[in-house]
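The values are calculated or read from the model by the stated rules, or taken from the named source; none is laboratory data. A quick note: this is a predicted structure, and the numbers were derived from the prediction, not measured. Note: accessible area is taken over every heavy atom of the protein model, side chains too, but ligands, DNA and RNA are not part of it. Shrake-Rupley method; radii C 1.70, N 1.55, O 1.52, S 1.80 Å.
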Amino acid sequence: MFGVWSPGEDVAKLAYYGLYSLQHRGQESAGIAVSDGSRIVVYKDMGLVAQVFNESVLNTLRGHVAVAHCRYSTSGSSVWENAQPTFRATPSANLALGHNGNLINTLELAGLLGDQSASPAGRATSDTDVLTALFAAAGIGASGAGHPGVEAAALAVLPLARGAFSLVFMDEQTLYAARDPQGFRPLVLGRMARGWVVASETAALDIVGAAFVREIEPGELVAIDGAGVRSHTFAPAKPAGCLFEYVYLARPDTAIAGRSVQATRVAVGRRLAAEYPADADLVIPVPESSTPAAIGYAQASGIPYGQGLVKNSYVGRTFIQPSQTIRERGIRLKYNPLRAAIAGQRLVVVDDSIVRGSTQRAIVAMLREAGAAEVHVRISSPPVAWPCFFGIDFPSRDELMAGNLTIDGIRESIGADSLGFVSLAGLIEATALPANRLCRACFDGKYPVPVAEGEKGKHLLEMAGSPAAGIR
Ligand code: SF4
């Protein structure tokens, strides 16, 4: 997500560049909402940022405030109706909203809406759409013109939402940002010469030339307009940031809680080498999110580092794509072995995580076909054994390889000569954060917020009918 408030700047282009730098966080759809002070225009479509927007579209989006979003679906299908920013028009103010995360009381919130849930997109079935409808229902229309309505509505609604929600939203005048009390997903504030920026990652601030100011705090709502930045606490902070951001999700050139993601990944690789040494000739990463950990492994082990797999950067991240069929085909498109580098070599292959195991199985087979003498797989996270309900589409425990198999069972299934996962303590230590400020539920099953059985699942609203039809 990206948001900008900056009179005199081309906010649509800034939002486009910001979104482009955050493409790795979601590749299914993209959208930008812009307001010129009197009217919000939303443009969104399925596809990558560069597929959805071109110069002429951006030129039609004029104004001083914008919010932008690229979607990776965890609530509701990957369809146009669920693309973001979501939008609601009310008699006194309009609202456009982008959401990173996943609510865990979507059905409960939809139940509060009664007849007011109907989406202008017709068949929207996401937690985000329900939240947007709640904002609209909570007084935007009743409070008169301008931002006090949205601000008051947000302060009334945000304490009702549970789960992961980093939000950027806007009315015609004002940019808002909010973060759930756990701060599961990152969200940062940046300063530009003529305005303010909020973004999912600090790397997006760098790309648009904004200076990092601070993180939006867990439980905080921020409003930004001509009067400056107003901060409200809507709930007490109970920090539990996502540990998996450090492993895979965030860009290496991002910093979270003041700690460089790249430095964390290198430190994890060093720790992995100490915990699971290997007798080998060459350390190779599964590019690119594993590259820093492979560098760390090579540094600590003294085994030379090299490239063994060439990645086609134009193929999306495999597990972010919605179906298993696409995922399996995607792996073959994505990597090709460097035969001359790996033939006859005993390899340490460093990867960031094993979810279903399909990527690693394909890579091990590919490396053996290319002549590798031995393939030792090292993973820079502990086994992912539990589903995530806070914004990562990990499958059910049944589909997670580590939910069903022992370490040796996983090794056998992927066909590796040896397999080692960094310990949870080692990973946490590398973040330089205390364990009690991190969510690590996908590794240890201890969820920072309890999740009711009836609120689990990506297609809750679709199974219930729709927010408009089924939950009355
Ligand atoms: S369960 Fe895992 S992926 Fe989900 S928020 Fe917690 S650490 Fe992150």
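General observations
- For the chain, the longest principal axis of the alpha carbon atoms and the long axis of helix 11-21 meet at an angle near 20°.
- Tally of Lys pairs whose C-alpha atoms are under 26 Å apart, taken over the chain, 8 or more apart or cross-chain: 8
- Note: relative contact order over the chain, using C-alpha pairs below 8 Å and six or more positions apart, is 15 percent.
- Coordinate range of the alpha-carbon atoms in the chain per principal axis, descending: 72, 47, 40 Å.
- The value of relative contact order for the stretch 260-436, using C-alpha pairs under 8 Å at least six residues apart, is 23 percent.
- Accessible area per residue in Å² at 1.4 Å probe, computed on the chain: 36 Å²
- Within the chain, helix-based [θ] at 222 nm, where runs of 4 or more DSSP H residues each add -39,500 (n - 2.57), nearest 500: -8000 deg cm²/dmol
- Of all accessible heavy-atom area on the stretch 260-436, the percent that carbon and sulfur account for (1.4 Å): 52 percent
- If the convex hull is drawn through the Cα atoms of the stretch 369-472, its volume per residue in Å³: 157 Å³
- Using alpha-carbon coordinates, inclination of helix 324-334 to the longest axis of the chain, degrees: 60 degrees
- Debye log10 I(q)/I(0) at q = 0.11, 0.15, 0.19 Å⁻¹ for the stretch 260-436, Cα point scatterers: -0.43, -0.83, -1.37
- Cα-based helix-to-principal-axis angle, 291-301 vs the chain, degrees rounded to 10: 40 degrees
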